[in-house]
Amino acid sequence: MGDEKYTGILIFAEQKNGIIHKVSYELLNKGRELANQLMAPVYCIVVGPKSMDLQELIYRGADEVYYVGNDFLNLPEELIYTENIINLIKRIKPEICLFGATSFGRSLAPRIAGNLKTGLTADCTELKIDEDGKLIQIRPAFSDNILAHIKTKTYPQMATIRYKEFSEAERDINRSGKIIKVDPILVEKTGVKILRELECMENDISEAEVVVAGGRGIKTPEDFKILYELAELLGGVVGASRAVVEENYISSQHQVGYSGNRVKPKLYIACGISGAPQHLAGMREAERIVAINSDPSAPIFNIADIGIVGDLYEVIPTLIEKLKKKEV
Ligand code: FAD
């Protein structure tokens, strides 16, 4: 049996400039399902600017939203957020805490788990409740070869869950819940000073409807320009395999796969990518997969809806030309 001192599912609802990240609605979907099994409430914690619309979290399944609002919290800053979240977890005493495995969530959750001296399972792909009411945290391990089922002995049981792993909770405008305002803890000396914010494409690639991705079949960093051209014509973004990220052909923000971004576009065009399991882990749920590869036995063709056996340096320019002439 679980520890009776702890009850409920707590979801950290990440925001940026006052806008809730969609992963929070996905966590609410799963969190609500687990809470129904445990007959327990669903809590959300939001740390963010002074004014935010939080009703949506209640429509999507939260019973209580704890809101730490202050304009100095607008920018995600791990050390300040950590203090404020730990304070709330100690007050709420949830049995389960869920965070999105976004860049920020991946940086925040371990700090909190470490401080609370509890376990944390990163990058879960599924969550279940066992017969004793404990959380089973499921995640791929050993390069996707096994699915590990992990239980945490300590409380709260903490996990990060990948973006786009679950569908978003449905919206029910008849749901009611409480919004509880909490005074922020002002941490003056964190030793961190934010000088400027860089645009991050993590969201762009995860949200994109079209991804044109390049792998080791691309011979030089400059050659990525044909992929950019194709992506632009299709209204999409450029992705990459880890092989070319490691070669410094393109930044890691573009990496698709097990240790990169997970994408679910309408169209994924894999150019010169062999189709290693770790790459497929990030894109196999694309609605339509087109593979361009010179090797007819490349594993990518096993999951492609359309396979083009050929040299990408011939196929892509032809495609670009036809798109420009509106022939495809
Ligand atoms: P290759 O496997 O070398 O394939 C290149 C392909 O290009 C070949 O199939 C070849 O036939 C084709 N080609 C060559 N020239 C042309 C041409 N002119 N025209 C058309 N086709 C051509 N990988 C990821 O991608 N993402 C991850 O997140 C990731 N995480 C990993 C995590 C772990 C723990 C480990 C162990 C590995 C991970 N990998 C990841 C690496 C993965 O195993 C592969 O090594 C990698 O995906 C291979 O990249 P690639 O397909 O670009 O290269």
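The values are calculated or read from the model by the stated rules, or taken from the named source; none is laboratory data. This structure is a prediction, so every number in the text was calculated from the model and none was measured. Because the Cβ atoms are built from the backbone with ideal geometry, glycine has one as well, and the counts that use them run over all protein chains shown.
Scanning the range 165-187 for residues that are surrounded by fewer than 19 Cβ atoms within 10 Å (Cβ to Cβ) and within 15 Å of the chain's Cα centre (by Cα), which turns out modelled with the highest pLDDT?
Residue satisfying both the conditions and the ranking: 168.
When only residues in the range 261-288 that are of a type in the set (Lys, Arg) and under 14 Å from the mean Cα position of the chain (by Cα) count, which is surrounded by the fewest Cβ atoms within 10 Å (Cβ to Cβ)?
By that ranking, first place goes to 264.
Name the pairs whose Cβ atoms lie under 8 Å apart, with the first residue in the range 80-92 and among the aromatic types (Phe, Trp, Tyr), the second buried (at least 19 other Cβ atoms within 10 Å of the Cβ), and 6 or more positions between them or separate chains?
Correct list of pairs: 81/47; 81/73; 81/108.
Do you know which of the residues in the range 15-74 that are touching a strand residue (DSSP E or B) at 6+ places or on another chain (Cβ under 6 Å) and among the acidic types (Asp, Glu) is farthest from residue 104 (Cα to Cα)?
63
Do any residues in the range 43-56 that are hydroxyl-bearing (Ser, Thr, Tyr) have Cβ atoms under 9 Å from those of residues that are surrounded by 24 or more Cβ atoms within 10 Å (Cβ to Cβ) and in a strand (DSSP E or B), where the two are at least six apart or on different chains, and which pairs are they?
Taking only residues 6 or more apart or on different chains, the pairs are 43/9; 43/10; 43/11; 43/66.
Please state which of the following conditions residue 214 fails to meet, knowing it meets all the rest: (1) within 29 Å of residue 74 (Cα to Cα); (2) in contact (Cβ under 8 Å) with a residue 40 or more places away in the chain; (3) of a type outside the set (Ser, Thr, Tyr); (4) buried (at least 18 other Cβ atoms within 10 Å of the Cβ).
Every listed condition holds for residue 214 apart from (1).
Condition check ((1) under 23 Å from residue 161 (Cα atoms); (2) in contact (Cβ under 8 Å) with a residue 60 or more places away in the chain) across all residues:
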position	(1), (2)
221	no, no
227	no, yes
241	yes, no
245	no, no
250	no, no
255	yes, no
267	no, no
282	yes, no
286	yes, yes
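So the check is Cβ under 6 Å with 6+ separation or different chains; which pairs have a first residue in the range 156-176 that's free of Cβ contacts under 8 Å to residues at least 60 places away in the same chain and of a type in the set (D, E, K, R) and a second one that's in a loop (DSSP other than H, G, I, E, B) and buried (at least 18 other Cβ atoms within 10 Å of the Cβ)?
Matching pairs, first to second residue: none at all.
Looking at 113, 101, 141, 122, which one is surrounded by fewer than 16 Cβ atoms within 10 Å (Cβ to Cβ), in contact with a strand residue (DSSP E or B) (Cβ under 9 Å, 6 or more places away or on another chain) and within 30 Å of residue 253 (Cβ to Cβ)?
141
Within the range 199-223, can you find the residues that are of a type in the set (Asp, Glu) and within 12 Å of the ligand (Cβ to nearest atom)?
223 - this is the single residue of the range 199-223 that is of a type in the set (Asp, Glu) and within 12 Å of the ligand (Cβ to nearest atom).
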